Amino acid sequence: MGEAAPATLAGKCALVTGSTGGLGAAIARRLAREGCNVVLNGFGDDAAIEALRSEIGEKSGVEVLYHPADLARPDDIAAMMTAAAERFGGVDVLVNNAVVRHFARVDDFPVERWDEALAVNLSAAFHTVRLALPHMRARNWGRIVNMSSVYGFQGVEKRVDYVTTKTALLGFTRAVALDTIDQPITCNAVCPGTTNTPAIEGRIAAMAQAKGLSHEDAVRDYLSERQPSRRFIDPDHVAGLIVFLCSPAGADITGAALPVDGGWLAA
């Protein structure tokens, strides 16, 4: 079947999970600039979330809905998808970005944190996809993006939850791509390297304190172990790739795992 998408995303609905800060917020902002109405999701300070919602709406001239669904709870996910359908007709662009993480060796890893990671990092994507697809099929167009990571391709110590779920998302992406191949609906995984998010900044600050380093030296040491580019990945560049996947030029890209990693996987 032919590509049915217009050259613009104006009027479509984009749901970005884990979008109350960091990379998710950058993705939401960029999709709003492209004309998408946006559903934000995540936790945080109520006033800060409202400020973000208002900012995106006012700067981009789109409608922005916030839903506080706990992605570890399938009933919450269903309520969020229903709210998106009631407000915007359904989800056209789905970005599964929410993530939880815990740092411990596998033999010390708390069982409850493992179960939470499977629910939020992996099962939530299954639930959002299955609930978004009826609308996408009816509209004969849809874009699904699962946020994996460079750690979907390689292991690292004390990250068993993150590595496992980010790797599983790659297989999930391929399966969904083939299940939707009969319509102009694509499913891809985007795999960023290290972005300068608040979570990463916290780890760098802790490294600087532990080693007695300046912030600049801690950043250099942190990136030297990872990205040959020696610079953070710009969240807007990740968001730009997602916009490309949503464009007519992205129509034949499906089931792919696309790194944005400053050469990390090439090294």
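What follows draws every value from the coordinates through simple rules; no lab data is involved. Keep in mind that what you see is a predicted model, and the values were worked out from it rather than measured. Every residue, glycine as well, gets a Cβ built from its backbone with ideal geometry; the counts of neighbours run over all protein chains shown.
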Region 150-267, Cα convex hull volume normalised per residue, Å³: 108
For the chain: Kirkwood Rh in Å [reciprocal of mean 1/r, alpha carbons]: 18.9
Nearest-ten-degree value, helix 74-88 long axis tilted from longest Cα axis of the chain: 50
Choice from ALA206, ALA132, ALA117 showing the highest fluctuation, given a GNM over the chain with Cα pairs closer than 10 Å: ALA206
Scaled radius of gyration (Cα, divided by 2.2 N^0.38 Å) that region 1-116 gives: 1.19
Fluctuation leader among VAL62, VAL111, VAL120 - the chain, Gaussian network, Cα springs under 10 angstrom: VAL111
Most mobile of THR82, THR17, THR254 in a GNM of the chain (Cα contacts under 10 Å): THR82
Per-residue [θ]222 nm for the chain (sum of -39500 (n - 2.57) over DSSP H runs n ≥ 4, rounded to 500): -14500 deg cm²/dmol
Centroid-to-centroid separation of region 1-79 and region 237-253 [C-alpha atoms, Å]: 17
Tilt relative to the chain, helix 124-139 - C-alpha long axis, 0 to 90 degrees, to 10: 30
Cα-based reach from LYS59 at 20 Å (exclusive), listing lysines while leaving out same-chain residues under 8 positions away: LYS12
Highest-first arrangement of 83-92, 40-49, where packing means the average Cβ count within 10 Å: 83-92, 40-49
Region 5-135: relative contact order in percent, alpha carbon pairs under 8 Å with at least 6 residues between: 26
Packing-based ranking, highest mean first, of 146-154, 27-35 given that Cβ atoms within 10 Å are counted: 27-35, 146-154
Cross-link reach list, lysines versus LYS158, counting only Cα pairs under 23 Å and skipping chain neighbours closer than eight places: LYS166, LYS211
